[in-house]
Amino acid sequence: MDKVKVINGKNRVLGRLACEAINEAKKGKQVKIINAEDIIITGRRKNTVKRYQDKFNLRNIGNPKKSPKIVSRRPDLFVKGRIRRMLAKEKSMNKKIKKRIKAYIGNPENLKAETKQNKEKLSKPHITIEKLCQEIGKK
């Protein structure tokens, strides 16, 4: 049994890819997501960018520790953060699952991903994570 699952994120919807990664991690496999910058988020570009920019502007002046966790501006950390937030906080098993999932910009280790037919039509309005991160201020 292969203990590493490589998922290519090119033109894949973030939520569906995240569910696939979580299910594989629950089975005990290490999950590596390559081409994280090419994953897409469906929805109008303007609304999606505004929603994430608003999250950056939320601050608790009285106690900064109580401020919400900021969404990362790096595409690989952005994807990992979105997947992390799909899991419940309380369960100790979820901590193990979070550690098994890695996301990469491009393909740094020349990993071979299983080619999966993308049945989703990209005619819906969408934005790639790379463009979203640039819009919200990638450094």
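Restricting to the range 115-125, what's the tally of residues that are among the charged types (D, E, K, R), surrounded by fewer than 12 Cβ atoms within 10 Å (Cβ to Cβ) and modelled with pLDDT under 80?
Qualifying residue count for the region: 3.
Can you confirm whether residue 112 is of a type in the set (D, E, K, R), surrounded by 15 or more Cβ atoms within 10 Å (Cβ to Cβ), farther than 15 Å from residue 133 by Cα and touching a residue at least 60 places away in the same chain (Cβ under 8 Å)?
Spelling it out, it is not the case that residue 112 is of a type in the set (D, E, K, R), surrounded by 15 or more Cβ atoms within 10 Å (Cβ to Cβ), farther than 15 Å from residue 133 by Cα and touching a residue at least 60 places away in the same chain (Cβ under 8 Å).
Just wondering, is there one or more residues in the range 95-110 that are within 15 Å of residue 41 (Cβ to Cβ), modelled with pLDDT of 90 or more and not in a loop (DSSP other than H, G, I, E, B)?
Among the residues of the range 95-110, at least one is within 15 Å of residue 41 (Cβ to Cβ), modelled with pLDDT of 90 or more and not in a loop (DSSP other than H, G, I, E, B), which makes the answer yes.
Is it the case that residue 41 is modelled with pLDDT under 80 and either small (Gly, Ala, Ser) or not in a helix (DSSP H, G or I) (or both)?
Against the criterion (modelled with pLDDT under 80 and either small (Gly, Ala, Ser) or not in a helix (DSSP H, G or I) (or both)), residue 41 does not qualify.
Just need a number here: residues in the range 9-53 that are within 25 Å of residue 136 (Cβ to Cβ), crowded, with 21+ Cβ neighbours inside 10 Å and over 12 Å from the mean Cα position of the chain (by Cα).
Total satisfying the criteria: 0.
For the range 126-138, does any single residue satisfy the condition of being at pLDDT below 90, closer than 21 Å to residue 4 by Cα, of a type outside the set (Val, Ile, Thr) and exposed (fewer than 11 other Cβ atoms within 10 Å of the Cβ)?
Checking the range 126-138: not a single residue is at pLDDT below 90, closer than 21 Å to residue 4 by Cα, of a type outside the set (Val, Ile, Thr) and exposed (fewer than 11 other Cβ atoms within 10 Å of the Cβ).
What are the pairs with Cβ atoms under 7 angstrom where one residue, in the range 8-21, is in a helix (DSSP H, G or I) and the other, located anywhere, is crowded, with 16+ Cβ neighbours inside 10 Å and among the charged types (D, E, K, R)? Sequence gap at least six, or different chains.
Listed pairs, sorted by first residue: 14/82; 18/82.
Mind checking which residues of the range 4-27 are of a type in the set (Lys, Arg) and closer than 15 Å to residue 130 by Cβ?
10, 12
The values are calculated or read from the model by the stated rules, or taken from the named source; none is laboratory data. All figures in this text were calculated on a predicted structure; none of them were measured in a lab. Positions of Cβ are generated from backbone atoms using ideal geometry, with glycine treated the same way; all protein chains shown enter the neighbour counts.
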